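To keep things clear, I will list the structure first and then write my remarks on it.
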Amino acid sequence: DMAMYAAKALPGTAALHYDADMAATSVGAELQDAIRDDQLFLLFQPIVTLDEGHRVLGAEALVRWNHPVHGTLAPAAFLPLAERTGLIVPLGRWVLRTSLRQLADWPAGTLLNINISPRDLREPDFATALSALLDEYGVAAAQITLEITESMPVVAGESFTMLDELRALGVKLALDDFGTGSSPLSLLHDVPLDEVKLDRAFTQADPDGRVSVAAGVAHLAEALKLHVVAEGVETPQQAERLRELGYRAAQGYHFARPMPAADFEALLPVEARA
Ligand code: C2E
Ligand code: MG
Ligand code: MG
Ligand code: MG
């Protein structure tokens, strides 16, 4: 029953508008405990081919908080607080470790996209820590794509240095939510990217011309030799239109919702699981 994984607002976050410090202190302390006590968990949303077979190419790891009082919380309920308080750094390390531990359990070569925060790129030991985790769990760097959202300003000088370090490790980099940010297009070749993810605002075609943004991004990705994934595909019509526009990979409720690890594992090809 996927309903239990639906997004919920965190009661009490509304209080942030009135007394930011106090609420940040109590909810922040709870989140700190949550990271330490493994109240967080990951769901995995398949990334599939857009051809008839809808072959599973990999998954994206998406964090949830199993809150002792409020139940399962979606990232929107706690990531903004984590970003403000700096807890995003230990949270991100938890996500990396848990993702790699999970990958170690799956067939060799399974691909996983992991979201990171712009803040991670300013932590001088980020690449070193990731490299140590890859070694610890015996995961190949090539299995990992790190997703950096375009909706937050990424790019200070030290972030570029870190992106190069990460690339040197052999992990891939994706620009997430593409089209929602205010990045100059020059970012696409200034940052050593492997993939762009078209934001669902453009996947979900409507009559006002957004579909031509999807077409433009497909051309851009092809010209720059970037892998491109369409996010938030909810209907067969959207899937078909994107396929016609040249998209080969997609993600969305039409194919599969974010799901527990065991359910994703069951979708992997039998020969890969043997
Ligand atoms: P995102 O990286 O763009 O992830 C895609 C979001 O769209 C997910 O929301 C996913 O559940 C949702 N989604 C997938 N398919 C569909 C669809 O067909 N329709 C609609 N309406 N939504 C769809 P979720 O899991 O709530 O995550 C929200 C955002 O939180 C993510 O957006 C990402 O930016 C951030 N996030 C999630 N997990 C992590 C994490 O481990 N670390 C960091 N730093 N950020 C994370
Ligand atoms: Mg993402
Ligand atoms: Mg996205
Ligand atoms: Mg998004």
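The values are calculated or read from the model by the stated rules, or taken from the named source; none is laboratory data. Just so it is clear, the structure is predicted and the values come from calculations on it, not from any experiment. Quick reminder, even Gly has a Cβ in these numbers, built from the backbone with ideal geometry, and neighbours come from all protein chains shown. Accessible surface is based on the protein model in full, side chains and every heavy atom, while ligands, DNA and RNA are left aside. Shrake-Rupley method; radii C 1.70, N 1.55, O 1.52, S 1.80 Å.
Annotations
- Residue match in the stretch 90-104 (condition: assigned to a loop (DSSP other than H, G, I, E, B), touching a Leu at 6+ places or on another chain (Cβ under 7 Å) and closer than 17 Å to residue 145 by Cβ): no
- Condition broken by residue 221, with the remaining ones in (1) more than 16 Å from ligand 2 (Cβ to nearest atom); (2) within 18 Å of residue 176 (Cβ to Cβ); (3) in contact with a helix residue (DSSP H, G or I) (Cβ under 7 Å, 6 or more places away or on another chain) satisfied: (3)
- Every residue from the stretch 133-181 that is small (Gly, Ala, Ser), under 17 Å from residue 196 (Cα atoms) and more than 16 Å from ligand 3 (Cβ to nearest atom): 142
- Residue in the stretch 127-140 that is more than 15 Å from the chain's Cα centre (by Cα), within 16 Å of ligand 4 (Cβ to nearest atom) and either under 30 Å from residue 215 (Cα atoms) or of a type outside the set (Lys, Arg) (or both) present: no
- Enumerated helices (runs of 4 or more DSSP H) restricted to the stretch 167-270, each holding at least 2 residues that are open to solvent by 30 Å² or more (accessible area, probe 1.4 Å) and modelled with pLDDT under 95: 187-190, 200-203, 210-223, 236-244
Every residue, every condition in (1) within 11 Å of ligand 1 (Cβ to nearest atom); (2) within 20 Å of residue 251 (Cβ to Cβ); (3) not in a helix (DSSP H, G or I), yes or no:
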position	(1), (2), (3)
113	yes, yes, yes
120	yes, no, no
135	no, no, no
148	yes, yes, yes
162	no, no, no
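- Filtering the stretch 45-98 to residues that are within 16 Å of ligand 4 (Cβ to nearest atom), aliphatic (A, V, I, L, M) and open to solvent by 20 Å² or more (accessible area, probe 1.4 Å) leaves 62, 76, 79.
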